[in-house]
Amino acid sequence: MCIALAYTSSTESNPRKPDVSKKLEPTLLLELKPSQRLKRLLVVMHMLALGSSIANALPVAVKLALLTGICMHLWFSNKRLKSGQHKIKHTEALGWEVSDGNDFEPVQIMDSTVITVFAIFLHFNRNAQKQSVLIVNDALSEDDYRRLIVRLKTTDKK
């Protein structure tokens, strides 16, 4: 006497039961806020540049020109940091999208993107142009920063 056993998967035996093997990831929508750490680093670097331009052996007129240029650069850089509004979005259907205040545009994340605990140097192609965004970890909440790292590492770069 021989007994034959047949194996059927749960979706074959119950066609109304959804297939849970493919989990759809929820939409990731992140708005980057200005980073205080980056602002402090910018001020420290400009202060070092001011100190070195004062301590050099150049004529006074050149020193004043350097001081003026460094102070203007700090002002414009600080203004740019405050006004930069980037949003990053990822969906399964549309892939990666980036907005800099306007509508979202599809982008392709490049392999040269660098991911660290402190910052993400996000490199991407938008409209056949290479662009990059520095995302310091205090520009997002701790959970959002972690989600972005995981999504960048686990998704296709399309």
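The values are calculated or read from the model by the stated rules, or taken from the named source; none is laboratory data. Keep in mind that what you see is a predicted model, and the values were worked out from it rather than measured. Positions of Cβ are generated from backbone atoms using ideal geometry, with glycine treated the same way; all protein chains shown enter the neighbour counts.
Couple of notes before you dig in:
- Residue check for V98: surrounded by 17 or more Cβ atoms within 10 Å (Cβ to Cβ), modelled with pLDDT of 90 or more and either among the basic types (K, R) or within 10 Å of the chain's Cα centre (by Cα) (or both): no
- Restricted to the range 132-152, and to residues there that are surrounded by fewer than 17 Cβ atoms within 10 Å (Cβ to Cβ) and touching a His at 6+ places or on another chain (Cβ under 8 Å), the residue that is farthest from G84 (Cα to Cα) is R151.
- From L74, L50, L66, L30, residue being under 18 Å from D138 (Cβ atoms), surrounded by 12 or more Cβ atoms within 10 Å (Cβ to Cβ) and not assigned by TED's automatic domain parsing to the domain that holds D138: L30
- Search result, residues across the range 101-120 that are surrounded by fewer than 11 Cβ atoms within 10 Å (Cβ to Cβ) and more than 14 Å from S132 (Cα to Cα): G101, N102, D103, T116, V117, F118
- Contacts under 8 angstrom Cβ, first residue in the range 97-115 being within 21 Å of K33 (Cβ to Cβ), partner of a type in the set (S, T, Y) and surrounded by 12 or more Cβ atoms within 10 Å (Cβ to Cβ), 6 or more apart: E97/T91; E105/S99
- Count of the range 111-133 residues, restricted to those that are modelled with pLDDT under 90 and aliphatic (A, V, I, L, M), is 2.
- Condition check for T155: in contact (Cβ under 8 Å) with a residue 60 or more places away in the chain and in contact with a His (Cβ under 7 Å, 6 or more places away or on another chain): yes
- All conditions in (1) at pLDDT 85 or above; (2) touching a Leu at 6+ places or on another chain (Cβ under 7 Å); (3) over 22 Å from N127 (Cβ atoms) hold for L81, with the sole exception of (1).
- Residue match in the range 19-27 (condition: among the acidic types (D, E), at pLDDT below 90 and within 22 Å of R147 (Cα to Cα)): yes
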